C-alpha cells in the first residue's frame, strides 16, 4: 500500500479522494501531486478506480483524474498543488 493510501475500513479518516482509471497519464501525474502533498502534511488519501463502479464512470468518465478534499471537488484533469494545499488548510478550521 502506498504512503497515505488507506484501506476501506478507515474511510472516515480520508481527506483526499482521487478518482482515476487505468491507463490515464493525467491520473499518474495527479497521484504524484497528491502523494507528495499528503505525505508532507500527514493526511490520508484514497484512490478510486472509476471503472470499478458504473455510477462513477457515468459521473467522472471524461474528467479523470478528479480530486476531492473533504468531499468537495477541487479539480480535474490537471491538479494544482497550491489549490490542493489551500483546500486542505481550509478544512482544518
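The values are calculated or read from the model by the stated rules, or taken from the named source; none is laboratory data. A quick note: this is a predicted structure, and the numbers were derived from the prediction, not measured. Positions of Cβ are backbone-derived with ideal geometry, glycine not excepted, and every protein chain shown enters the neighbour counts.
Rundown of residues vs (1) under 16 Å from residue 38 (Cβ atoms); (2) within 15 Å of the chain's Cα centre (by Cα); (3) surrounded by 14 or more Cβ atoms within 10 Å (Cβ to Cβ), yes/no style:
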{"residue": "53", "(1), (2), (3)": "no, no, no"}
{"residue": "58", "(1), (2), (3)": "no, no, no"}
{"residue": "62", "(1), (2), (3)": "no, no, no"}
{"residue": "73", "(1), (2), (3)": "no, yes, yes"}
{"residue": "76", "(1), (2), (3)": "no, yes, yes"}
{"residue": "79", "(1), (2), (3)": "yes, yes, yes"}
{"residue": "84", "(1), (2), (3)": "yes, yes, yes"}
{"residue": "87", "(1), (2), (3)": "yes, yes, yes"}
Inset, instruction - Need at least 1 residues that are free of Cβ contacts under 8 Å to residues at least 40 places away in the same chain per element, so show me which strands (runs of 3 or more DSSP E) inside the stretch 32-81 make the cut, counting only ones lying wholly within it. - result: 44-49, 72-76
Inset, instruction - List the number of the failed condition for residue 12; all other conditions in (1) within 20 Å of residue 89 (Cβ to Cβ); (2) modelled with pLDDT under 95 hold. - result: (1)
